Structure formats: C-alpha cells, structure tokens
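There's a structure below that I have some questions on.
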Amino acid sequence: MTFDEMDPTTPVSSQLAASHSGPLVLVNKFTVAPEDREALIAAWTDDATFFKQQPGFISAQLHRGLGDSNVFLNYAVWESLDRFRAAFRHPDFRDRLTRYPASTVASPHLFERLAVPGICLS
C-alpha cells in the first residue's frame, strides 16, 4: 500500500501530533486495481474488526463508488484523538497494513465536525 496525502499542507502525521479535544472523524479514500477490490474489502474488514475492539471507537462505514469504480471511502468516528492515536499506533494495527493489496493507494485525513447554523450540529 502507498499513501497519498489528502492535504499535503497538513499530512496525517502532523494531525496525529496535534492537540484536539472532542470527537473526530477519519476519512480515508482508497483506490485499488479492479482485480484487488475484494482483497481491499477483506483487509478493511480485518482493520475494522480490530478498531471496533479498541477504546474510543464509535463507528465505521465503508463506501464504494458506483458503477465500475475502484474508489472506496472509509468514514470512521472516534471519541477522541487520543483514543484514535493509541489504536492507530498499536503494533497489531500496523501489522494489518501489510494485508492490503499492493495496488492500494490510501489517503487518510482527520476531521472535526463543525456546527453550521440551521444545517448541522457540532
């Protein structure tokens, strides 16, 4: 698997070092070769099963682009950056990254929810 920063000016490594309180959302875009779609789903399922057992995990959802798309989107919600950071740095998770197909390009990024009056709550 290779990584392509979603925002090169703020790589996920610097986000992990940031100070943040409150919930956060991990968005990870995956692109994979057509023949590796099922292998990506299997690797992601293994990751999600691991994360589901970690303190602070709230939920995750995998999406795939319509049609013959080779683009997948993972959306995961965590109680806090500290809890996500601990799970992300756990050796068992780091080992799981090697299970993704070689054609996988991942673009993870961390987000905080914003309140927009009349539309959404923080």
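Go through segment 34-66 and report how many residues are closer than 23 Å to L24 by Cβ and either β-branched (V, I, T) or in a strand (DSSP E or B) (or both).
Filtering segment 34-66 for residues closer than 23 Å to L24 by Cβ gives 43-63.
Checking which are either β-branched (V, I, T) or in a strand (DSSP E or B) (or both) leaves us with 45, 49, 57-63.
Count: 9.
Moving on. Consider segment 15-32. How many of its residues are over 20 Å from R113 (Cβ atoms) and either surrounded by fewer than 14 Cβ atoms within 10 Å (Cβ to Cβ) or β-branched (V, I, T) (or both)?
Residues flagged as over 20 Å from R113 (Cβ atoms) and either surrounded by fewer than 14 Cβ atoms within 10 Å (Cβ to Cβ) or β-branched (V, I, T) (or both) within segment 15-32 amount to 3.
Still on this structure, I have one more. Do you know which residues across segment 93-119 are charged (D, E, K, R) and part of a loop (DSSP other than H, G, I, E, B)?
Correct list: E112, R113.
Related question: Would you call A86 out of contact with any Phe, Trp or Tyr (no Cβ under 7 Å at 6 or more places or on another chain), in contact (Cβ under 8 Å) with a residue 24 or more places away in the chain, over 28 Å from S19 (Cα atoms) and among the small types (G, A, S)?
Answer is no for this residue.
Further, regarding this structure: If I filter segment 1-33 down to residues being of a type in the set (S, T, N, Q) and assigned to a loop (DSSP other than H, G, I, E, B), which single residue comes out as farthest from H63 (Cα to Cα)?
Within segment 1-33, the match that is farthest from H63 (Cα to Cα) is S19.
Moving on. Within segment 67-85, which residues are outside any helix (DSSP H, G or I) and of a type outside the set (V, I, T)?
Scanning segment 67-85 gives G67, D68, S69, N70, F72, L73, N74, Y75, A76, W78, E79, S80.
Something else now. Pairs under 6 Å by beta carbon, first residue free of Cβ contacts under 8 Å to residues at least 60 places away in the same chain in segment 1-12, partner of a type outside the set (S, T, N, Q) and not in a strand (DSSP E or B), six or more apart or different chains?
P11/E5
We did not get these values from a lab; they are worked out from the coordinates using the rules stated. All values reported here derive from a predicted model rather than from experimental measurement. Note that each Cβ is placed from the backbone with ideal geometry, even for glycine, and that neighbours are counted across all protein chains shown.
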